[in-house]
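Notes for the one structure printed next.
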Amino acid sequence: MEIINYIKSYDDLYSLFKEVKLGSRNKDEIKKAFESSKYISAIYKKGKIIGVGRAFGDEIDCAVICDLAVSLNHQSKGVGSKILQSLVKQVNHHLRIILYAEPGKSDFYEKNNFHTMKTAMMTSSKLPLELGRQIGFIE
Ligand SMILES: CC(C)(COP(=O)(O)OP(=O)(O)OC[C@H]1O[C@@H](n2cnc3c(N)ncnc32)[C@H](O)[C@@H]1OP(=O)(O)O)[C@@H](O)C(=O)NCCC(=O)NCCS
């Protein structure tokens, strides 16, 4: 198992996102998001991606961690935590590191020393807020 800081194949990454049903972006959108992120951690096993995450920040105040995904066969074996900790290490020079957890995933982040924020807010011209309410991440 190797952990590296780049994506070997965006076809494989797209398949991983499909497998774990992470978002509804197409391959080009996923590629653009990763290419625009300074920090990437990916774990490969026998040449195949089994886990990934990305982060970006302003290098001083605030970094954001996104798109953490572990293939179904490799979940609950510490892979996600390894990727998260690797990203935290890379962006640890920021004053704060934030992320938003999908509903039901906060245990994973709490086990990795993240804390629920009481005043997190969001706005979007693209995401229907009603959908956010249905999914459960907007009040
Ligand atoms: C969330 C995710 C990245 C965790 O990766 P992982 O490799 O399974 O996590 P780890 O093995 O390091 O940590 C396991 C612990 O985190 C918690 N956890 C892991 N997956 C969880 C899930 N789907 N729901 C709730 N808690 C979860 C559990 O407490 C678990 O402990 P356990 O195995 O003893 O039950 C992975 O389940 C995943 O890719 N899910 C689909 C995509 C996704 O939801 N990404 C996160 C978006 S916020």
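Some observations on this one:
- Conditions (1) under 30 Å from R133 (Cβ atoms); (2) open to solvent by 50 Å² or more (accessible area, probe 1.4 Å); (3) within 14 Å of the chain's Cα centre (by Cα); (4) touching a residue at least 24 places away in the same chain (Cβ under 8 Å); number of the one not met by L72: (3)
- Just one of the numbered conditions (1) within 11 Å of the ligand (Cβ to nearest atom); (2) crowded, with 17+ Cβ neighbours inside 10 Å; (3) touching a residue at least 40 places away in the same chain (Cβ under 8 Å) is not true of V20: (2).
- Taking the numbered list (1) within 15 Å of the ligand (Cβ to nearest atom); (2) among the hydrophobic types (A, V, I, L, M, F, W, C); (3) part of a strand (DSSP E or B) in turn, A63 passes all entries but (1).
One line per residue, one yes/no per condition, for (1) farther than 29 Å from I50 by Cβ; (2) touching an Asp or Glu at 6+ places or on another chain (Cβ under 7 Å); (3) more than 8 Å from the ligand (Cβ to nearest atom); (4) not polar (S, T, N, Q):
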residue: G80; (1), (2), (3), (4): no, no, no, yes
residue: Q90; (1), (2), (3), (4): no, no, yes, no
residue: Y109; (1), (2), (3), (4): no, no, no, yes
residue: T119; (1), (2), (3), (4): yes, no, yes, no
residue: E130; (1), (2), (3), (4): yes, no, yes, yes
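- The combined condition, being away from the ligand (no atom under 16 Å from the Cβ), in contact with a Leu (Cβ under 9 Å, 6 or more places away or on another chain), farther than 21 Å from V91 by Cβ and without any contact (Cβ under 8 Å) to a residue 40 or more places away in the chain, is not fulfilled by K46.
- Set Y109, Y100: member being at pLDDT below 95, under 15 Å from the mean Cα position of the chain (by Cα) and farther than 19 Å from S9 by Cβ: Y100
- Leading residue by the ranking (least open to solvent (accessible area, probe 1.4 Å)) among those in the range 26-49 that are in a loop (DSSP other than H, G, I, E, B) and modelled with pLDDT of 95 or more: S37
- Qualifying position, being within 16 Å of the chain's Cα centre (by Cα) and of a type in the set (S, T, Y), among S41, S124: S41
The values are calculated or read from the model by the stated rules, or taken from the named source; none is laboratory data. Worth saying up front: this structure is predicted, and the values here are computed from it rather than measured. Positions of Cβ are generated from backbone atoms using ideal geometry, with glycine treated the same way; all protein chains shown enter the neighbour counts. Side chains are part of the model used for accessible areas, which takes the heavy atoms of the whole protein and leaves out ligands, DNA and RNA. Shrake-Rupley method; radii C 1.70, N 1.55, O 1.52, S 1.80 Å.
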